[in-house]
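> Could you have a look at this structure, given as structure tokens, before my questions?
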Amino acid sequence: MRQNHCHAYTRGSVPLALGLLLLLWSGIPAIGQGSTKLAASPTSAASRWSTQNGTVAFRSNAPLELIEAESSALRGLLDADGRFAFVLPMNSFQGFNSGLQREHFQENYMETTRFPKATFEGRMIDPPVWPLRGPASVRVRGTLTVHGVERERIIQVQLQPDGAGGLQAEATFSVRLDDHGIGIPKIMHQKIADTISVTVQLSLLPDA
């Protein structure tokens, strides 16, 4: 049984998150250069953290086939107020059980030509006290957009300071394919799970 909340999200997206997503894909060489800095938290060594190569892995465990794939192309930002924005090119996944299966994933299911990116943007519900002194478990609420369909999600995230001002973050959650308009042909129901397990791991570097 899924413990994560998921329902249609119809409100406006977080304005800062939209700006951060544009920044990530604007061709600026270094995040934070040539842009307005966020105000630093008085208890934080950094006012913002970023990643360029976070890892996203998914697992489809169906009765007749196990499919696993991974991408290390997740990019994103987190600020000291708990606001965040992440973007992932959907054609960056590697793995699968064959090249043909990867091709079907991109063309038939994710339709990456029409929907090249997945995004997650929002805010921590209960941000920790900065600077982080030890492990912390926080809930985040945001808009997950996959296959062009937005859903509001509340996801539990584990944070750990890395000793150099950065953060290690990890989260595991499930995604129902039909929640994002991804249809599975009846003939493939025994080979592709209706619900996919997703694990995200990333190192967030300080951008003081």
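Read-outs throughout are calculated quantities, based only on the coordinates presented, and are distinct from any laboratory measurement. Keep in mind that what you see is a predicted model, and the values were worked out from it rather than measured. We place every Cβ from the backbone using ideal geometry, glycine too, and count neighbours over all the protein chains shown.
> Among the residues of segment 169-188, count how many are outside any strand (DSSP E or B) and either within 19 Å of residue 148 (Cα to Cα) or in contact with a Gly (Cβ under 7 Å, 6 or more places away or on another chain) (or both).
8
> Evaluate segment 122-129: report whether one residue or more is in contact with a Pro (Cβ under 7 Å, 6 or more places away or on another chain) and aliphatic (A, V, I, L, M).
No: segment 122-129 contains no residue that is in contact with a Pro (Cβ under 7 Å, 6 or more places away or on another chain) and aliphatic (A, V, I, L, M).
> When segment 91-116 is examined, which residues are found to be of a type outside the set (S, T, N, Q), surrounded by fewer than 19 Cβ atoms within 10 Å (Cβ to Cβ) and touching a residue at least 12 places away in the same chain (Cβ under 8 Å)?
Taking segment 91-116 as the starting set, the residues that turn out to be of a type outside the set (S, T, N, Q) are 93, 95-96, 99-100, 102-105, 107, 109-111, 114-116.
From what is left, the residues that are surrounded by fewer than 19 Cβ atoms within 10 Å (Cβ to Cβ) are 95-96, 99-100, 102-104, 107, 109, 111, 114-116.
Passing the criteria: 95, 96, 102, 109, 111, 114, 115, 116.
> Please specify each residue of segment 99-112 satisfying the condition of being over 19 Å from residue 144 (Cα atoms) and out of contact with any strand residue (DSSP E or B) (no Cβ under 9 Å at 6 or more places or on another chain).
99, 100, 103, 104, 107, 108
> Scan 139, 151 and give me the residue that is assigned to a strand (DSSP E or B) and touching a His at 6+ places or on another chain (Cβ under 8 Å). Give the steps one after another, and end with the answer.
Working: 139 fails: touching a His at 6+ places or on another chain (Cβ under 8 Å).
Criteria check complete, one pass: 151.
> Pull up segment 176-208, narrow it to residues that are surrounded by 13 or more Cβ atoms within 10 Å (Cβ to Cβ) and basic (Lys, Arg), then point me to the one that is nearest to the chain's Cα centre (by Cα).
Within segment 176-208, the match that is nearest to the chain's Cα centre (by Cα) is 176.
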